[in-house]
Amino acid sequence: MSFLPTLSCKYCSQPIWLPFPSPDETSQRQIPWPQDGMPRNFLCLLCMRACEYSPEDVQWRSVQSPDQVGLNKGMAVHRVSLPCGTDKCAGLVHILVVMRGEAQYQEASSFVGRIYAMNIACERGHRMSGPSMGYGKYGFARDTGWPE
């Protein structure tokens, strides 16, 4: 039986399946998280809530079918960067989302306007909650700091 790492959405409890190199060759003691161990904001694509998570939030769930392992291998962590919007703060809000590895900027445009922040921080420490997180262009790229 294979296991894959997940985060449980803090709003709707839906699993956010994290990409992991090879569930058959790795141990559940390994946590797929950047080495700095700092919290990260993740988006649940089901409810569109962005919440803060830490390595302690990672749970291992059994995979119900081999197809699910195959689907996970094509996934990657991408970073959406939005303007903070708090008192003209120049900081960015970074939100991670698990999508197809080759996902493009245009795909992010289908959901960026629907993101609802749940007490997440910009890079300068401003906390925000709600549907609007500043105005202006957003960035979208594969997060290269994420273990692959």
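Values in this text are rule-based calculations from the coordinates and carry no lab data. Computed from a prediction, not measured in an experiment: that's the story for all the values here. With ideal geometry, Cβ positions are generated from the backbone for all residues, glycine too; neighbour counts draw on all protein chains shown.
In the stretch 75-148, what trypsin sites (Lys or Arg not before Pro) fall in a loop by DSSP, with at most 13 other Cβ atoms inside 10 Å?
Answer in residue order: Lys88, Arg124, Lys137.
Treating cross-link reach as a plain straight distance, find the lysines whose alpha-carbon is under 26 Å from the alpha-carbon of Lys137, omitting any fewer than eight places away in the same chain.
Lys88
As a footprinting exposure proxy, order Trp17, Trp33 by other Cβ within 10 Å, with the fewest listed first.
So the residues, fewest neighbours to most, are Trp17, Trp33.
Starting from the amide H of Leu18, placed 1.01 Å from N in the peptide plane, find each other amide H under 5 Å away whose residue is 5 or more places distant or on another chain.
Residues meeting the amide H criterion: Thr6, Leu7.
Along the Cα-to-Cβ line of His126, 7 Å from the Cα, sits a label point; which residues in the stretch 79-119 have backbone N less than 19 Å from it?
The answer is 80-96, 113-119.
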